[in-house]
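The values are calculated or read from the model by the stated rules, or taken from the named source; none is laboratory data. Fair warning: this is a prediction, and the values are worked out from it, not measured in the lab. Note: ideal-geometry Cβ built from the backbone for every residue, glycine included; neighbour counts use all protein chains shown. With ligands, DNA and RNA removed, areas are computed over all heavy atoms of the protein, side chains included. Shrake-Rupley method; radii C 1.70, N 1.55, O 1.52, S 1.80 Å.
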Amino acid sequence: MKKNIGILGATGLVGSSVLSALQGKGYALLIGARNQYKLQCLKEEFSTENIEIIQMDVFIPKQVEMFCSQCDVVINCTSPASIVGTRIVRECIKQGNDYIDPFGEGDVEKYIVDNKSMIGDKKTRIILSSGTYPGLSEALFKYVAEIHKGAEVSIKEYFYGNSYFSHGATQDVISSMINNKSKSMSFFYKDEIIPCKMRIGESICIDEKVGTMYLYPIISKDFRRVCKETGVKEGCFFNTFSDLSSMASFFEIGSKIYHSNSMDTFGYTEKLEKMYRNKSTENEKTIFWFGIELVNGNDVEKKLMSFEYACNWNSLSGYVCALVAEWCLNDEISKGKAYNLDEIEGIQKFIESLPGEIKQNIVKL
């Protein structure tokens, strides 16, 4: 008999957060990873849960096949996603399992496009970018844009969070930079990507509890797609840094990658990972702020909306993946299709189901 939900990479930062989010909800869970000791510790930590463990390596096809054959839904939290590639999603499509991926890195997107008809035939669901960023960042933007549909809208999104990257996740960040999947110092304006005129190191203080943040504007292909689909006049996304030193290090790594011929990914990964591991994760929180400007005739209204989560960004990714899995089991997402998180049906309800606080104020920004 199949387990409801399988979690691959269950001992990692995101995978263990998925397990935490699903605890006490009565699902049969199968958790897999390479380290038997860590798996056993997880099982003992959640000793009251219906959990089975399986030691496995995603680079061994027979082990992937065996794991997926026991699940209805597979959440793939293995990393680096850019190297693991299509190994798990290929098997899920073959067996007709639902597949959830918090990262959406590597060749997964291309594989899904090339196998669209098979996904339909097998009536499986594929949900990519089911994490904090990318994923929730675009879904929240869509949520805000649809609330204000009908007006000429400009939206600035600011992301703040405290946590650190695993070695695998850091490799995925570097992979995205190498493959030029996004454009820095840019924003969306009237269906075009426009260079930002702001200075590097420009700062803002939106929330007194968080304090000054240093802004890094960036536009990914998914963010641009959401801007186009929601019909906003202007869309900006700002990653933030709590200090200029971190921001300078990030730019330094990005610049070296851009100008490098050797592509020393290991060296870049090690430096970026070390930078984040030195950061404090006390008072964990993840916040998305939205500065909204509405134009109705001659009237201009300015608002500030915020979505606040009392956890770090890895934990938040786990909660997002867990909720997507529950929606799959409850048939709240249509079968036979592939989605990015923001494209699932009922995204407004999904956002409001996450364990966070939504605030809205009319302000003068």
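Summary of values
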read-out: Entries of Lys156/Lys274; Lys62/Lys116; Lys228/Lys274; Lys233/Lys256 with Cα pairs more than 26 Å apart; value: Lys156/Lys274; Lys228/Lys274; Lys233/Lys256
read-out: Among Ser255, Ser182, Ser20, residue whose mean-square fluctuation peaks in a GNM of the chain (springs only between Cα atoms under 10 Å); value: Ser255
read-out: Net length gained if the chain between Arg277 and Lys349 were fully extended (0.36 nm per residue, minus Cα distance); value: 22.5 nm
read-out: Candidates Asn115, Asn162, Asn97: whichever shows maximal mean-square fluctuation once the chain is modelled as a Gaussian network with Cα springs under 10 Å; value: Asn115
read-out: Distance-filtered residues of segment 290-324 - backbone nitrogen under 16 Å, label point 7 angstrom along Lys359 Cα→Cβ; value: 290-292, 303-311
read-out: Candidates per GluC sites (Glu not before Pro) in segment 180-209, loop by DSSP, up to 11 other Cβ within 10 Å; value: Glu208
read-out: Relative contact order of the chain, pairs being alpha-carbon contacts under 8 Å that are 6 or more residues apart, as %; value: 21 percent
read-out: Of all accessible heavy-atom area on segment 292-341, the percent that carbon and sulfur account for (1.4 Å); value: 38 percent
read-out: Three-way shape label, segment 285-365, alpha-carbon gyration tensor, a/c 1.5; value: oblate
read-out: Accessible carbon and sulfur surface of segment 1-149 relative to its total accessible area, %, 1.4 Å; value: 48 percent
read-out: At R0 = 56 Å, FRET efficiency that the Cβ-Cβ distance of Leu244 and Glu44 yields, to 0.05; value: 0.80
read-out: Cβ crowding within 10 Å averaged over residues, with 49-55, 116-122 ranked highest first; value: 49-55, 116-122
read-out: Most to least packed among 221-227, 211-217, 317-323 [average Cβ atoms within 10 Å]; value: 317-323, 221-227, 211-217
read-out: Solvent-accessible area per residue for segment 281-365 (1.4 angstrom probe, square angstrom); value: 47 Å²
read-out: In range of the label at Lys181: residues from segment 100-130 whose backbone nitrogen is under 14 Å from the point 7 Å along Cα→Cβ; value: 101-112, 128-130
read-out: Solvent-accessible area per residue for segment 46-183 (1.4 angstrom probe, square angstrom); value: 39 Å²
read-out: Ranked by how many other beta carbons lie within 10 Å on average, peptides 69-78, 167-176, 242-251 from highest; value: 69-78, 167-176, 242-251
read-out: Computed [θ] at 222 nm, helices only, for the chain once each DSSP H run of length n ≥ 4 contributes -39500 (n - 2.57); value: -11500 deg cm²/dmol
read-out: Cα gyration tensor category, rounded, prolate or oblate, for segment 77-209 with a/c compared to 1.5; value: prolate
